[in-house]
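The values are calculated or read from the model by the stated rules, or taken from the named source; none is laboratory data. None of the values given here were measured: they were computed from a predicted structure. All Cβ positions, even for glycine, are placed from backbone atoms using ideal geometry, and neighbour counts span all protein chains on display. The accessibility values were calculated without ligands, DNA or RNA, using every heavy atom of the protein model including side chains. Shrake-Rupley method; radii C 1.70, N 1.55, O 1.52, S 1.80 Å.
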Amino acid sequence: MEHVESHALNRTVTRYVTGVTPLAVLSVLLIAAFIMMNAAAQNSALFGRMYSVLLLVNILGVVLLIALILLNLFHFAEQYRARVVGTRLTLRLLVMFVVLAVVPVSVVFYFSIQALNRGIDNWFDVRIERALDDALLLGRTALDAQRQDLVKNAQEIAVELETLPVRQKSGALRSELSMLNALREQYNITELTLFTQDRQILASSSEANLEAGTLVPERPSDAVMVQVRQGLTYANLDAISKSGLRLRVVVPVQARNVSAPLRVLQVLQALPPRYAKLGESVQSAFAEYEKLVYLRGPLKFGFTLTLSLIALLTLLIAVWAAIFFARRLATPIRELAEATHAVAQGDYQKQIPVTSHDEIGILVESFNDMTRRIHRAQLQSKRSQQEAEIQRAYLETVLGHLSSGVLTFNQRLLLRTHNPAAGQILGTDLRAGERKPLGWLSEKYPELQPLIEAVEQAATAGQDEWQVQIQLSINNHRRTLMLRGTSLPSWREKRGGYVVVFDDITTLIQAQRDAAWGEVARRMAHEIKNPLTPIQLSAERIRHKYLRQVPEEERDALERATRTIIEQVDSLKSMVNDFSEYARSAQMHSRPVDVNDLIRDVIELYKNTRSTAKGVVPLHGASKAGKGKASRAITTRLDLDTDLPRIVADPGRLRQVLHNLLLNARDALAATPKPVIHIGTRMVGQDNHRFVEMTVQDNGPGFPEALLAHLYEPYVTHKEKGTGLGLAIVKRIVEEHGGTIRAYNLKEGGACVIIRLPVNAATGSAESAAVSKSARGEKKA
């Protein structure tokens, strides 16, 4: 749980760090910081206070932006190494966007640096500096000329004022004031003021007020007065408030009397406002220029650094934008590739979110519509497949439980399908013949040649429906099959193949024959038995009445004739009895029977007085090699299963079966030098059923091959005097007990008959009932 939470936290942090929000916020902050830094670079006051701080902030921001971009690139490199779908396209888009951004910015940065350096250098050109010096010198020269003129006028006025009498007290006389006004107007001067050497005003005249005493003139400073007392002239340019300039000239006024005190004349001449503005402009421009000269190196470094950082920021933002837009453009394609892979893996419910309505959005919508249709088609296909599987299972169940064999062939007569009954009837494993032609089946199973020929003939003739009866020899048994063939429907102008249904009608035909022979036997027994008794009685009467009446020489002939008639009548009666036995209906008296004990009882009847160990007893019979030859002892070997269960059967009928088989074996061993009969029993299972199997085999010549297919038919025999009813009666008794019989020749010589009788589940209850009945009988006795 902690590992899952840690993984989710790492994914959240990675998504936040590599996302668009932190980069966008940082980019906006850096742009704002650069704007402030640019403003600080253009303002000398802000330059000294904020430029360094803003420079440090911007450098740290750029480093952080580089770190975020490198983190994005590292995350992208991990995805590329992991071969994440869409990373190759993202890489191509990223390289293309970065190249498109870096090349123009680099070119603009290079030419901007060159233009900036040349521009700053042009600011400090020698000609501009000389022009500023010349302009300043020109202004100063013009002001000096006016100042010299004003000094000259002031000296002339001072000479004229020497005639005025010297006074020690302040306060202007009318004569002095009139003279100052006149001189002021004469020389066009703004203000004239006469002071004592102690800076006391003697008289003053000004354009502002012509009447003396209305305005207090400005006194010169102590420094100026010291200079004037020394007999020097003071002349300088003063500023008037904030918008004007004036010339101040202070000269000594000597008295004609040597002992008279020194007087001081101050002349103030206001300059026009235009002079003040021009002077102020020149002065400020020169001061600014001097400051720029001082800051020339730092300015170039500052602007270059600012421009470099801005260019770097532009490149970094361009790289980040390239990463973002490359991912944004590649994301739908990556999602399409992943969705396509998912569809290829069978996930037809995959849907991609539509994030735009452009061509890619239309493509995504088309993909989603395609997957929805495929999903619907898949569901329909699954339903159809399920229905087909249900129909197939239904058909397989029907075919699997059919007693008839079913074979299907395609248009090229290749075996496609078959049911279990087909293999059971044909006695072959047809699974190996699937998708194989009829020629292969003919080579693999030669006994199926009649069936294969019938199918090929019907296909060659193009018959839609056909029916034929064939005979096959399977496991030394001749079987009669009824074949019915039908052409399957055509598809796309191609024949659909064939289906062949066949039934084993051997038992049916045998039953029909048995019924016919039974009827024949019944009629023959009835028609022949009736006259036999009168014939025998007549022959005995003739013998008894006429044997002594005929002459001596004819008595032997009469004796032989009557005896022959009586013997033949007895023989006919025996044959009629056999016919009656074969024709009469079965009357079963079933009870639990131990087959091993039954076999021992029957063998005991054929046993002489001598016996041998290990179950080997000599059996004497009438086997003769020919007329007049002695009989041979037949050795009987018993191989009986000691764990054999009892069966419910009629013991008398089973004894008759054993008698007939032993008699047939004895007759067959007549010409065998060392005749042996082997009788064995065992327990077998088949299809969840249990059977008691009894085997009787000899080492004689075996059954004639021509008679193997007709062994159980009446009157089928190779004996001179046999009726051919022995095996027919045996087969009938076995079938009455629900068993089966099979006869064949052994490869090493001899004949073998195998009888299987079912072990009924009710054997135990029947045996208990029989024991109870026997106990009641003994008690009653």
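Some values worked out for this structure:
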| quantity | calculated |
| --- | --- |
| Cut-off 14 Å between beta-carbons: net charge of the residues surrounding Tyr712, Lys and Arg +1, Asp and Glu -1 | +2 |
| Burial order of peptide ranges 432-441, 415-424 (average beta-carbon count within 10 Å, highest first) | 415-424, 432-441 |
| Contact order relative to length of region 361-479, as percent, for alpha carbon pairs under 8 angstrom and 6 or more apart | 14 |
| Amide proton proximity set for Ala203, modelled H, under 5 Å, gap of 5+ | Leu194 |
| Neighbourhood charge, 14 Å Cβ-Cβ cut-off, centred on Asp503 and excluding it, Lys, Arg +1 and Asp, Glu -1 | +1 |
| Ordering of 382-393, 741-752, 187-198, 97-108 by burial proxy (mean other Cβ atoms within 10 Å per residue, highest first) | 187-198, 741-752, 97-108, 382-393 |
| Accessible carbon and sulfur surface of region 440-484 relative to its total accessible area, %, 1.4 Å | 37 |
| Förster radius 25 Å - calculated FRET efficiency between Asp570 and Glu527, Cβ distance, rounded to 0.05 | 0.85 |
| Per residue, in Å², the accessible surface of region 377-486 once ligands and nucleic acids are set aside, probe 1.4 Å | 61 |
| Selected from His375, Thr355, Ile390, residue furthest toward positive end of dipole (region 346-395; charges at beta carbon) | Ile390 |
| For region 391-423 and region 637-694, distance of Cα centres in Å | 38 |
| Carbon + sulfur, % of accessible area of region 304-410 - ligands and nucleic acids excluded, 1.4 Å | 60 |
| Among Gln411, Val500, Leu438 the positive-end extreme of the charge dipole of region 401-515 (Cβ point charges) | Gln411 |
